[in-house]
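Each remark here refers to the structure printed beneath this line.
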Amino acid sequence: MQARARIVIVGVAAIAAVVTSAGAADYPTRPIKLVVPYSAGGPTDVLGRLVGEYLGRDLKQPVIVENKAGAQGAIGAEAVARSEPDGYTLFVTAASIFVLNPMLYKKLPYDPVKDFRMLALVTDLPVVMEVHPSVPAKTVAEFVAYAKQNPGKLNFGSAGTGGTIHLAGEMFKQMAGVDIVHVPYKGAGPALTDLLSGNIQLMFDTIGTALPPVKSGMLRAIGVSSAKRISDLPDVPTIIESGYPDYAVSVWYGISAPAKLPDEIAQKISASLDRALSDEAFRASLEKIGFPPLRPKSQPEIDKFINDDRARWAGVIKSLNISLD
């Protein structure tokens, strides 16, 4: 009896392996769902729809964007983490969801390391250090000197406590040794409105949002967080070259899937995403909406990129003793 039972078990396992292999070979055979963990109409949603359109054309199956907003991206992340790892549910993830949330919340309904498989990094945006024109500083050095002359009197805004924009300010505050006060808002829009009106003096803003008021002269850019100067603001120095060699902040987005996604399906999706990132028309469409596209990266390069980002933020969050539970 035991021998017969073993034969049945082995047979079932073999059939399952064949079915899985056949499914992977034929993938995709039906529409794919791409979960965006933010509201419809926002920049991440637009990014997700552009990626979805390309994948749909390339893989020859419709890609349906589903918005699951809330809880700093945790609602969407949990939904994908618990979905079937069959390649028919993908996730537009952000640095804050994979790197910051686990450091800021003791209890999360997902584990970015155990529950997800990263398939591609799509874009990596620097932040712009921008000030209201009433601030008499045209460089980072001048701002630091002015802040030291006015401790506790300058305010910087963010889209909310614990987000990348908030922590970008805290990292600068720590490195420069200045006493500037964080003012959290419910979204980047209200924070930018108060900066434009002069109610706050400083903001570390993503490039897409920062460019219009900076180019119109309503705000002054004094530094960018990238390793090199950016083409949109060629005359604005990096914060690194302004005297802070360890300052590096970016807001990255990528595409991931449930961790147990079979290798063959993962490779098909990754190859499609790599083709997108090598396609000049697709790259131009991202540039147009303020998302500088990355070039395709190998899995070790993706892993190193995310681990480096984790290491960079761990020290900042630990020193600030921030917890959002």
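The values are calculated or read from the model by the stated rules, or taken from the named source; none is laboratory data. It should be emphasised that the depicted structure is a prediction, and the values quoted were computed from it without experimental measurement. Counting neighbours? That spans all protein chains shown, and the Cβs are built from the backbone with ideal geometry, glycine included. For the accessible areas, the whole protein counts, side chains as well, though only heavy atoms, and no ligand, DNA or RNA atoms are used. Shrake-Rupley method; radii C 1.70, N 1.55, O 1.52, S 1.80 Å.
Multiplying the residue separation of Ile64 and Lys228 by 0.36 nm and removing their Cα-Cα distance gives an extension gain of 55.4 nm.
Is the stretch 129-273 best put as rounded, prolate or oblate by its Cα gyration tensor, with a ≥ b ≥ c the root eigenvalues, rounded for a/c under 1.5, and otherwise prolate when a/b is larger than b/c, oblate when not?
It is prolate, given that a/c is not under 1.5 and a/b is the larger ratio.
Normalised by 2.2 N^0.38 Å, where N is the number of residues, the alpha-carbon radius of gyration of the chain equals 1.12. Angle check, please: helix 2-26 long axis (alpha carbons) against the longest principal axis of the chain (alpha carbons), in degrees 0 to 90, nearest 10. Once rounded, the angle reads 50 degrees. Close amide H pairs (under 5 Å, H built 1.01 Å from N) link Gly160 with His166, Tyr185, Gly187, residues at least 5 positions away or on another chain.
Going Cα to Cα from Lys114, which lysines come in below 28 Å? Please leave out same-chain ones fewer than 8 positions away. Excluding near neighbours in sequence, the set is Lys33, Lys68, Lys106, Lys260, Lys268, Lys297, Lys304, Lys318.
Would you kindly state the longest site-free stretch of the chain, with sites defined as trypsin sites (Lys or Arg not before Pro) in a DSSP loop (not H, G, I, E, B) surrounded by at most 12 other Cβ atoms within 10 Å? In short, 261-325. Counting only protein heavy atoms and a probe of 1.4 Å, the accessible surface of the chain is 56% carbon and sulfur. Straight-line reach from Lys215: taking Cα to Cα under 20 Å and skipping same-chain neighbours fewer than 8 places apart, the lysines in range are Lys138, Lys228, Lys288. Per residue of the chain, the DSSP helices (runs of n ≥ 4 H) give a summed -39500 (n - 2.57) that works out to -14000 deg cm²/dmol at 222 nm. For the chain, the longest principal axis of the C-alpha atoms and the axis of helix 140-149 are separated by about 60°. Remark: relative contact order (the stretch 89-245) = 29 percent; criterion is Cα-Cα distance under 8 angstrom and separation of 6 or more residues. Taking other residues whose beta carbon is less than 15 angstrom from the beta carbon of Leu154, and scoring Lys, Arg as +1 and Asp, Glu as -1, yields -1. Distances between placed amide hydrogens fall under 5 Å for Asn155 paired with Val181, Gln201, Leu202, all partners being 5 or more residues away or on another chain. With respect to the chain, whose longest principal axis is taken over its alpha-carbon atoms, helix 263-278 is tilted by about 40°.
Taking all protein chains into account, the per residue accessible area for the chain stands at 47 Å² (1.4 Å probe). 3J(HN,Hα) couplings calculated from phi for the stretch 76-89 with the Karplus curve 6.51 cos²θ - 1.76 cosθ + 1.60 (θ = phi - 60°) are, in sequence order, x, 4, 5, 4, 6, 4, 8, 7, 5, x, 10, x, 9, 9 Hz; Gly and Pro show x.
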